[in-house]
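The values are calculated or read from the model by the stated rules, or taken from the named source; none is laboratory data. As the structure is a prediction and not an experimental result, all values here were calculated from the model. Cβ placement follows ideal geometry from the backbone for every residue including glycine, while neighbour counts extend to all protein chains displayed.
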Amino acid sequence: MGKNNVKKLNIEKILLLTILLFSILLSSGCKNSGEETRSENGIVKSYGVYYLTQDESQVLFESRASLTKDSGISDYILALQEEPKDIRLKKTVGSEVMLIDYRKDDKGAILNFDERYSEMTAAKEVLFRAAVAQTILQDADVNHILFEVNGEPLKYKNGEEVGNMTTSTFIDNAGDEISSYLKKTVRFYFASADGNSLIPSDRDCIFGSNESLEKSVMEQLIAGPAQNEGYATISPDTKINTIAVKNGICYVSLDTAMVDKSVDVSEETLLYSIVNTLTSLPGINKVQISVNGETDRVLRSTLRLDEIYVFNEEIVGSD
């Protein structure tokens, strides 16, 4: 069975879409030492710096007494290059990636980093970008942030520019409580070249504390493989209706695009790419798939959807 030419989303783009939905962990243990300013609505606001953790799995906020509502972009950039007080954290800018220069442009800030920016892994780059942007966007005179690398606009691997980041890029929960997002390594199963078997691929996933891991993983499986991860098993037009886990069984309802716009893989490859990937997650032992909630049908020709499926090792190839 031949390769399918369905467009595959780049892993960096997938991670950006995830980060658009979730913000950074505001650690209560890091809030006590900073300057607090009471706003007109009575909410206490702290000013500080967002740092990566030492293991580069998440971002935490550390308040700074030197930063106030009157601090400007130069103050925040200097703070980003300072060592954090919390030993769990590492300096954001200057330890590995260097800031060459910056400039302001019509209520925005343009930050130009050196070539080492491009050497970061996809997962770390998303966290780094969030930490820097969230820190500088505390400046009331900066409405958007644009990144450059050696004077050129930051781009995804496919050549598309990342573009401006604004406060709406990062969504708060309520009040001062900001949701966390974490990194977890997940084993995905994409198609082999002939479409008849599955290729395992470990990928770092970033997901929010108020989003289920299984939904985030399913979204990335639908979006497709990155380079050297194999081939798509599901049409990227497929939408998730619902996904939930109960008693170790993951129930996932997809829309009709899964079957109406099928890619060039076998029926078993399609089904077990979902089953094998989801059962690789903690707490999931079995999977039942439905189309718009309907299970009284077959997937394509033989595999019944009213059955509950378990991990299939036989369909997994070696490359």
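Looking only at residues that are out of contact with any Phe, Trp or Tyr (no Cβ under 9 Å at 6 or more places or on another chain) and either assigned by TED's automatic domain parsing to the domain that holds Ala122 or modelled with pLDDT of 90 or more (or both) in the stretch 195-218, which one is farthest from Thr279 (Cα to Cα)? In this case the residue turns out to be Asn196. In the stretch 240-261, the residue that is farthest from Asp194 (Cα to Cα) out of those that are of a type in the set (S, T, N, Q) and part of a loop (DSSP other than H, G, I, E, B) is Asn247. Can you name the condition, by its number, that Glu62 falls short on among (1) surrounded by fewer than 16 Cβ atoms within 10 Å (Cβ to Cβ); (2) more than 30 Å from Asp202 (Cβ to Cβ)? Result: Glu62 passes all but (1).
The rows are residues; the columns are (1) small (Gly, Ala, Ser); (2) closer than 16 Å to Tyr50 by Cα; (3) part of a loop (DSSP other than H, G, I, E, B).
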residue	(1), (2), (3)
Leu67	no, yes, yes
Asp75	no, yes, no
Gly94	yes, yes, yes
Val97	no, yes, yes
Ser118	yes, no, no
Asp139	no, yes, yes
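When we screen Asp264, Asp237 for residues that are within 20 Å of the chain's Cα centre (by Cα), over 24 Å from Thr121 (Cβ atoms) and either in a strand (DSSP E or B) or assigned by TED's automatic domain parsing to the domain that holds Ser192 (or both), the only hit is Asp237. Identify all residues within the stretch 123-144 that are within 18 Å of the chain's Cα centre (by Cα) and surrounded by 20 or more Cβ atoms within 10 Å (Cβ to Cβ); write none if there are none. Scanning the stretch 123-144 gives Ala123, Glu125, Val126, Leu127, Phe128, Arg129, Ala130, Ala131, Val132, Ala133, Gln134. Filtered by the rule that a residue be under 32 Å from the mean Cα position of the chain (by Cα) and either in contact (Cβ under 8 Å) with a residue 60 or more places away in the chain or in a strand (DSSP E or B) (or both), the stretch 283-304 gives Ile284, Lys286, Val287, Gln288, Ile289, Ser290, Val291, Glu294.
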